[in-house]
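Notes for the one structure printed next.
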Amino acid sequence: MRTIYFDVSVPKILLTKLLAPVFSGVFFSPLSPVRYAELPDQPLPGENWVRVKNRLAGICGADMALFFVHAHPKITLAALPGVPRAFMGHELVGEVVETGRGVKDLKTGQRVVLQKYLPCCSMKEIHPPCPHCREGNYTLCENFSEGPAMPANTGAGFGDHFLAHRSQLIRVPDSISDVAAVMLEPASVSLHAVLKSPPARGEKVLVIGAGVIGQNVIQFARVFQPNCAIHVLEKVPFKKELALSMGADLVIEGDPYEAVARHTGGHLYRAPLGNSTIVGGYDRVYDCVGYSATIHDGLRWLKAGGDYVLIGNSLAPVGFDLTPVWQQELRMLGVNAHGSETIGGKKMSSFEAVMDLYARKKIRLDEFVTHRFPIKEYKRAFKTIRGGREKILKAVFEMD
Ligand SMILES: [Zn+2]
Ligand SMILES: [Zn+2]
């Protein structure tokens with residue numbers, strides 16, 4: 001198995017972080033914790049396991065954060081006992097090449113996507129499962145660091161093959177192309193976020209950041225509430241255009257505080273030291289960026305009692321003024337990928353909901369992949385994405 005992984009070695013991580021300001025090439029050098037290496041092929045670790053050959057794997061913000069070593073050693077995730085190697089690439093579509101004896105509902109040649117990529121009760125075969133897994137919210141699993149250890153060196157999307165427990169995979173119907181299938185994971189994140197706090201009839205909502213996650217938040221918000229105003233904050237011209245075609249009503253231009261006040265009828269107050277705020281504002285904000293600056297401003301653009309849905313995430317502590325949260329009695333809602341949804345009284349996984357909406361032609365998934373890189377040119381891929389000079393929405397690795 002030839003695959004890309006992140007070596008979770010604190011000395012290596014600290015050295016890379018230390019050198020980065022003076023040696024920008026450190027991420028592409030042998031000092032980086034990211035490795036593209038040949039690991040010995042191993043037999044399936046159990047009868048309920050499957051071997052998958054990757055076809056496409058999307059590069060996501062989380063992969064970028066790993067590659068450029070953004071993770072801070074004091075975040076909660078770093079306190080959880082983990083694995084010595086983090087295999088990269090979770091937005092993938094692959095083909096089953098081997099199944100264990102216990103796997104009755106998958107055959108070789110069938111295509112699959114990876115739904116559960118972090119340890120949880122089902123892949124650890126813990127019975128009965130924890131309350132969150134029982135509800136289908138596997139990313140909140142209480143046994144993440146408990147119970148039996150997960151098999152080592154299973155691989156993931158950025159490589160030729162990987163091993164997965166049957167419960168981690170979802171079969172892709174033939175009607176979904178590879179480029180659409182590779183979007184099922186990020187689209188599920190956006191769907192999960194919108195359904196945590198769906199726009200109500202007549203509301204005005206703001207989407208901050210119109211990358212892949214933001215574009216999908218726009219299209220799901222539109223599907224679940226045709227009668228609401230969806231505004232978008234985004235700087236990149238081609239993303240603005242796409243946002244409008246996905247169902248946004250307008251893109252905020254100019255000074256964002258003035259624009260928010262104008263578009264929502266809120267009152268703008270300006271004070272010294274660049275301290276501005278709005279009383280009134282949007283009913284909901286979907287923050288698909290999650291930086292200090294977007295949270296700091298976004299909270300001030302929210303109406304009293306409004307929902308702040310935090311979708312963009314950071315692997316390091318952020319800093320922002322928390323006063324609007326208590327002063328305006330706001331609700332901050334976090335989103336950890338995807339899980340279980342209830343739509344029209346019916347319970348289903350986020351992935352199933354996305355596939356159902358796609359099958360009914362309510363949403364689009366085919367046009368997001370803009371760039372393809374051969375896996376062996378992964379350094380060029382990461383460099384190009386970070387460079388920001390190309391019109392990249394979703395870049396994927398192609399396996400050769
Ligand atoms: Zn992702
Ligand atoms: Zn669990």
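Along the chain, the exposed loop sites are GluC sites (Glu not before Pro) outside DSSP states H, G, I, E and B with at most 11 other Cβ atoms within 10 Å, and the longest stretch free of them is 48-252.
Here is the tail figure for segment 158-238: Cα pairs spaced more than 22 Å apart come to 40 percent of all pairs. Legend note: in the chain, cysteines whose Cβ sits 4.7 Å or more from every other cysteine Cβ are C60, C130, C228, C288.
What number results when the radius of gyration of segment 240-308, computed over Cα atoms, is divided by 2.2 N^0.38 Å? Display every interim value, and only then the final one.
On the way: Rg = 12.4 Å, N = 69, 2.2 N^0.38 = 11.0 Å.
Cα Rg divided by the expected 2.2 N^0.38 Å: 1.12.
Where both bridge residues fall in segment 187-334, DSSP classifies roughly 20% of the beta bridges as antiparallel. Dipole magnitude for the chain: about 220 debye, using +1 per Lys or Arg Cβ and -1 per Asp or Glu Cβ, origin at the Cα centre. Farthest toward the positive end of the dipole of the chain, out of P151, C133, V285, is the Cα of P151, where the dipole comes from beta carbon charges about the Cα centre.
Just so you know, the Rg over Rh for the chain is 0.96, from Cα atoms, with Rh as the Kirkwood radius. Taking the Cα centre of segment 187-334 as reference, the dipole from Cβ charges on Lys and Arg (+1) and Asp and Glu (-1) amounts to some 200 debye. Proximity of backbone amide H atoms, modeled 1.01 Å from N, is registered between F373 and V396, F397, E398 at under 5 Å, excluding neighbours fewer than 5 places apart on the same chain. Think of the chain as having a plus end and a minus end, set by charges on the Cβ of Lys, Arg, Asp and Glu; of I295, C120, S190, S190 sits farthest toward the positive end of this dipole. Residues whose amide H lies under 5 Å from that of E341, counting only those 5 or more places away or on a different chain, are M348, S349, S350; hydrogens are built 1.01 Å from N in the peptide plane.
Applying a 10 Å radius around every beta-carbon, put 162-168, 223-229 in order of their mean neighbour count, most first. Don't jump to the answer; show the numbers that get you there.
Values: 162-168: 22.6, 223-229: 15.3.
Highest mean packing first, the order is 162-168, 223-229.
Remark: segment 159-254 carries a charge dipole of roughly 300 debye about the Cα centre, counting +1 on each Lys and Arg Cβ and -1 on each Asp and Glu Cβ. Once you've got the GNM for the chain with C-alpha springs shorter than 10 Å, pick whichever of A353, A259, A243 has the biggest mean-square fluctuation. Highest fluctuation of the listed residues: A259.
Note on segment 1-96: Rg/Rh from C-alpha atoms, Kirkwood Rh, equals 1.00. Taking a ≥ b ≥ c as the square roots of the eigenvalues of the Cα gyration tensor, segment 187-334 is classed as rounded, since a/c falls below 1.5.
Neighbour counts of other Cβ atoms within 10 Å put W301, W326, W49 in the fewest-to-most order W326, W49, W301.
Scanning residues 5 or more positions from Q42 or on other chains, none has an amide H under 5 Å from its amide H, with H placed 1.01 Å from N in the peptide plane.
Of the trypsin sites (Lys or Arg not before Pro) in segment 223-266, the ones in a loop by DSSP (not H, G, I, E or B) with at most 13 other beta carbons within 10 Å are K235.
No value in this document is a laboratory result; all are computed from the given coordinates. Because the structure is predicted, anything quoted here is derived from the model rather than measured. Positions of Cβ are generated from backbone atoms using ideal geometry, with glycine treated the same way; all protein chains shown enter the neighbour counts.
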